[in-house]
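Heads up, the thing below is written out as structure tokens.
All of the numbers you see were taken from the coordinates with simple rules; none came from a lab. For clarity, every value in this text was computed on a predicted model and none was experimentally measured. Ideal geometry is used to build each Cβ from the backbone, glycine not excepted, and the neighbour counts take in all protein chains shown.
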Ligand code: NAD
């Protein structure tokens, strides 16, 4: 049985709070670890360690040396891929395939890409005229923002946490990470790797615990935290924004979504099925960018629904212990109850259940896990909760449409604005329709295809700000304009 301590100032330590909580396996329901919970004194120690590290070796390190060190870190993560996979799949119940192909390599890439970028990024310079004719030179300087509080979710723990820590460290900040209470393992393990490559102590700190009244709230309220980057639910973002208002700390938010996929009659149907099978069911639907609303042009509606049904029914459920599993459990019993409440609501509202809608029965250890059936509905009105609210499970509602105008209006009729997927072989239409979708990320004939230099984030209640590439520099640095009169 594992015990996850806190990682503060380069060392693993017990929480001074003396409090612990259990972590259970999503695929069997059995306890797999005890986790130390950080309260005020622990949070204070971590934030002070991060603040002090800014004044020491890390703060004085030339940018090129810092970036080289982060490249070494990326290589060291890659070298320990099997350990990270084990830690991640045990916490999340993800299939090994997802951890191996997506999550852990992206974790290493999140350090590599920002280290490379920072090393080669130049600055802005503006020469100006002055009345005396000698002129002035303006240099836009970037300084680290300071101590960054990183609050991350459980759905792709290592990928999403390093997506913040990578650019934060590349820009010269220090971090205190509060991973989700459901996924403490990989953030904890990363401390070992930080030490192994010689990242100075205090640069990377990890505290465990919950949100309200626990480590999360205490971290975001701490006066020495200079910026907060958060990935999670929109409602939590609202709470964190209030906490960050005290002392006017900057925030960067990546929040929930209710993302549409639009399938035109001219789409390559094999491609449409392949893309939406992934966008609906990958990671058991627990992907912020995932599709929960599908709009299909009427002539191909029946064909599409019957092929998606066949795909969903061919998925094999199981956790990392199940050979050949293609879809895992949900993260927790609590989350399963939430998803099942939507399954029940869909039935009450009179949805046509194309497939699924319940809990599978197993005659092995999976019976204790948090599985639900992959589910497809049709027939509900656009204003129903199923079509409006983020469920975050392996399910989608499919609606037919007749015109471009109609489908654009339906796709945009949401409080969210994170991502969208358009399937068509007509490039002009892709450009025309894509340009009218109110979302931060729009894919054509694909999904989750990410160039880390591009902007990432959501509009409306799906987020505040953009990260990725140079956009991350805007959040993780403070600008000063140095105006030199010549
Ligand atoms: P969550 O909001 O419940 O929790 C996220 C983190 O916030 C956890 O570490 C939690 O302990 C912490 N937290 C909760 N309340 C807090 C508070 N008051 N103060 C400080 N910290 C607090 O989200 P979740 O259930 O872990 O993750 C799923 C959600 O994340 C979904 O809504 C999903 O769409 C969203 N998400 C968004 C993106 C994106 O890039 N936009 C990516 C992944 C997940």
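In nm², what is the average projected area of the convex hull enclosing the Cα atoms of segment 68-109?
That works out to 2.6 nm².
Using the beta-carbon distance between residue 406 and residue 271 and R0 = 25 Å, what value does 1/(1 + (r/R0)^6) give for FRET efficiency, to the nearest 0.05?
Efficiency, rounded to the nearest 0.05: 0.65.
On a 0 to 90° scale, report how tilted helix 333-348 is relative to the longest principal axis of the chain, with both axes built from alpha carbons and the result rounded to the nearest 10.
Once rounded, one gets 40 degrees.
What translational diffusion coefficient, to the nearest whole µm²/s, does segment 438-486 have by Stokes-Einstein, given a Kirkwood radius computed over alpha-carbon pairs, a temperature of 37 °C and 0.692 mPa s viscosity?
Translational diffusion coefficient: 252 µm²/s.
Restricting to Cα pairs below 8 Å that are 6+ residues apart, what does the relative contact order work out to for segment 102-241? Please round to a whole percent. Intermediate values should be presented prior to the final figure.
Working: 208 pairs, mean separation 35.9, N = 140.
Taking the mean separation of contacting Cα pairs over the length of segment 102-241, I get 26 percent.
Give me the compactness ratio for the chain, meaning the Cα radius of gyration over 2.2 N^0.38 Å.
For the chain, the normalised Cα radius of gyration is 1.01.
With a Cα-only, solvent-free Debye model of segment 339-486, what are the log10 I(q)/I(0) values at q = 0.11, 0.16, 0.20 Å⁻¹?
Debye intensities relative to I(0), on a log10 scale: -0.61, -1.04, -1.27.
Over segment 134-187, what is the relative contact order in whole percent, taking alpha-carbon pairs under 8 Å and six or more residues apart?
So the answer I get is 43 percent.
Kirkwood hydrodynamic radius, segment 102-179, all distinct C-alpha pairs: what's the number in Å? Intermediate results must be reported in sequence, preceding the final value.
Details: mean 1/r = 0.0677 Å⁻¹.
Evaluated over segment 102-179, this radius sits at 14.8 Å.
Quick check: pseudo-label points 7 Å beyond the Cα along Cα→Cβ at residue 41 and residue 314, how many nm apart are they?
It is 5.8 nm.
Testing the spin-label approximation: label points 7 Å from Cα along Cα→Cβ at residue 64 and residue 359. State their distance in nm.
The answer from the label model is 6.1 nm.
Can you give the angle from 0 to 90° between the axis of helix 63-79 and the longest principal axis of the chain, with both taken from C-alpha atoms, to the nearest 10?
40
Working from Cα positions, state the angle (0 to 90°, nearest 10) between the long axis of helix 269-281 and the longest principal axis of the chain.
60
Give me the extension gain from residue 425 to residue 486: residue separation times 0.36 nm, minus the current Cα-Cα distance, reported in nm with one decimal.
So the chain would gain 16.2 nm between residue 425 and residue 486.
Estimate the FRET efficiency between residue 248 and residue 20 by the formula 1/(1 + (r/R0)^6), using the beta-carbon distance for r and 41 Å for R0, to the nearest 0.05.
0.70
Note down the Stokes-Einstein diffusion coefficient of segment 207-358 in µm²/s, whole number, using a Kirkwood radius over alpha carbon pairs, 25 °C, and 0.890 mPa s.
133
With a cut-off of 8 Å between alpha carbons and a minimum separation of six or more residues, what is the relative contact order of the chain in percent? Write down the numbers at each step before the final one.
Details: 1090 pairs, mean separation 88.6, N = 486.
After rounding, I find 18 percent.
Given points 7 Å out from each Cα along the Cα-Cβ axis, report the residue 344 to residue 388 separation in nanometres with one decimal.
2.0
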